[in-house]
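Have a look at the structure below, then the notes.
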Amino acid sequence: MTPWRTRSLTARVALLFALVACAIVTSLGMYLYSSTRQALETRADYSLVGKVEHFRRLLHDLYNVKQMEDRPALFEIMLGSEQDVLMFSYPGQAPFVRVNPDNMTPPAMKPVGLDQPLTLAALQAGERADGVRVRWVSAEAEVGSDGTKVVIVGAHVMTQESHILSAYYWQVIGAAAVSVLLAALLGFLVLKRGFRPLNAMAERAAEVSPTNISIRLREEDAPQELRLLAASFNAMLDRLSDGYEHLSQFSADLAHEIRTPIGALMGQTQVTLNKVRNAGEYQQVLESNLEELQRLSRIVENILFLAHADHAGLAVEKAPLALAEELHKIAEYFEGVAEERDIRLVVDASGELEASPVMWRRAVSNLVVNAVRYALPGSTIRLSGKPQAQGICVEVENRGDPIPQEQLDRLFDRFYRGDKSRSEFTESNGLGLAIVRAIMQVHGGSAEVACTAAGEIRFSLYFPQQLQERVQEQKARA
């Protein structure tokens with residue numbers, strides 16, 4: 001059986017609309033039925049009270065009881081219904097005039113006195129053997145001027161009202177059934193027509209493919225309720241298009257990076273195999289091949305790290321790090337390379353941060369490698385770290401050739417090189433800054449770069465203020 005949530009939305013809404021219509025029509029019909037029943041009962045009650053009151057006045061105009069006993073059929077005709085009850089009796093005695101076609105037994109009632117008006121409050125409810133409702137009333141009357149008292153007992157059997165209400169009840173049921181069918185049919189047709197824009201959007205979306213990813217849904221043609229859906233879908237397509245473009249560029253760059261060492265390996269090996277060589281020459285070729293294989297290994301390692309950071313996520317084990325101590329260690333490590341280019345490393349840092357020691361050193365080292373490589377000879381590279389309101393900021397500054405803004409925006413892209421000088425050998429092979437950004441993302445921070453017109457380039461790493469918050473919590477607990 002198909003689950004309800006997976007059925008046709010048009011059919012589901014049409015059915016729900018039909019159920020709502022059924023509930024409304026049925027409720028309205030029951031209300032009208034109840035109102036009609038109450039109105040018929042009230043009308044019958046007033047009619048019964050009016051007839052009994054009329055008999056009280058009629059008896060008062062007679063000369064004696066003998067006239068009543070001689071013409072009982074007159075009172076039967078005045079009842080207006082063949083099944084109504086009318087009985088006249090002396091107080092405490094059997095009726096001397098009895099009109100009771102169904103031989104019903106009156107309930108125990110106290111007659112309304114001569115000096116009391118006859119109202120609906122004097123009526124009592126009852127039922128006939130077949131369940132038809134009966135309304136009873138009893139009242140005293142004075143015959144003529146001799147002061148003789150007679151008790152009048154009247155009853156109205158609501159047979160006609162029952163037939164009317166029964167017919168009306170089935171009319172309500174029929175109207176509700178017809179309303180449900182009409183509501184379901186009309187609701188289905190209306191929804192079928194109303195969902196045409198959604199079907200058009202689905203057909204338009206079906207045209208999207210890897211070779212035709214530029215298609216977008218027309219938001220201006222969509223109804224107001226679907227514009228947000230169209231806008232969200234178009235935004236998703238924009239992100240997919242950007243990702244597809246980046247993936248294509250990444251694949252091309254990756255192929256280019258791998259092609260160079262593989263070409264070198266193949267070329268050197270082919271040249272070596274052209275003739276027999278001595279052991280020294282073979283050793284030299286093997287050493288050269290080893291360098292290219294190490295380069296390939298670094299590329300693969302970096303790519304795996306980026307893929308892990310992007311998709312699977314990294315389990316970061318953080319530890320407190322002293323900024324000044326860590327930056328001095330990195331500066332000492334690159335001091336020899338910097339001196340070869342007449343570059344000086346300066347450290348200015350204070351405070352602590354919480355990060356993965358391995359990742360932290362790799363991110364900062366990549367920035368320092370980049371700075372040493374592109375800094376102007378005789379310049380200074382500054383490594384600084386300081387607490388800020390939002391966390392810890394670590395900066396690596398150097399002076400080099402000015403970088404245009406369009407290149408700054410892409411420096412953290414994978415395999416991106418802003419100029420031909422970046423095609424020279426580096427440890428990261430165009431992935432160093434991309435790894436820096438990935439490391440900052442897994443730490444919940446960010447990486448930024450800025451360059452002045454004079455060529456002052458500053459890379460900034462922002463780490464969240466986790467350590468300071470923990471210290472403050474410990475102080476508060478203490």
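What ranking of Thr211, Thr42 emerges when the number of other C-beta atoms within 10 Å of each C-beta is taken as an exposure proxy, fewest first?
Going from least to most buried by this count: Thr211, Thr42.
How large is the charge dipole for segment 209-271, taken about the Cα centre, if only the Cβ atoms of Lys, Arg (+1) and Asp, Glu (-1) carry charge, to the nearest 20 debye?
Dipole magnitude for segment 209-271 comes out near 200 debye.
From Cα pairs below 8 angstrom and at least 6 apart in sequence, can you work out the relative contact order of segment 250-401, rounded to a whole percent?
Relative contact order for segment 250-401 comes out at 18 percent.
Sort Ile164, Ile403, Ile152 so that the residue with the fewest other Cβ atoms within 10 Å of its own Cβ comes first and the one with the most comes last.
Starting with the residue having the fewest Cβ neighbours, the order is Ile164, Ile403, Ile152.
Quick one: grab Rg to one decimal and Dmax as a whole number for segment 190-264, Cα atoms only, in Å.
Rg then Dmax for segment 190-264, in Å: 18.8, 70.
So for segment 318-424, averaging the separation of alpha carbon pairs under 8 Å that are six or more residues apart and normalising by length, what relative contact order in percent results?
This gives 25 percent for segment 318-424.
When you have a sec, figure out the Kirkwood radius of segment 95-197 from all distinct Cα pair distances and drop it here in Å to one decimal?
Taking the inverse mean of 1/r over all distinct Cα pairs, segment 95-197 comes out at 18.4 Å.
Debye sum, Cα scatterers, segment 224-312, no solvent: what log₁₀ I/I(0) at q = 0.17, 0.21 1/Å?
-0.85, -1.02
Positive end of the charge dipole of segment 141-242 (Lys, Arg +1 and Asp, Glu -1 on Cβ, about the Cα centre): tell me which of Leu228, Gly174, Thr211 has its Cα farthest that way.
Thr211
From the P(r) of segment 169-328, could you give the percentage of C-alpha pairs in the tail past 26 Å?
67
Within 10 Å of each residue's Cβ, count the other Cβ atoms and sort Asp242, Asp221, Asp84, Asp115 from fewest upward.
Asp115, Asp242, Asp221, Asp84
Readers should treat all values here as calculations from the given coordinates under stated rules, not as data from a laboratory. Predicted model, so just to flag it, every value in this text is computed and none were measured. Counting neighbours? That spans all protein chains shown, and the Cβs are built from the backbone with ideal geometry, glycine included.
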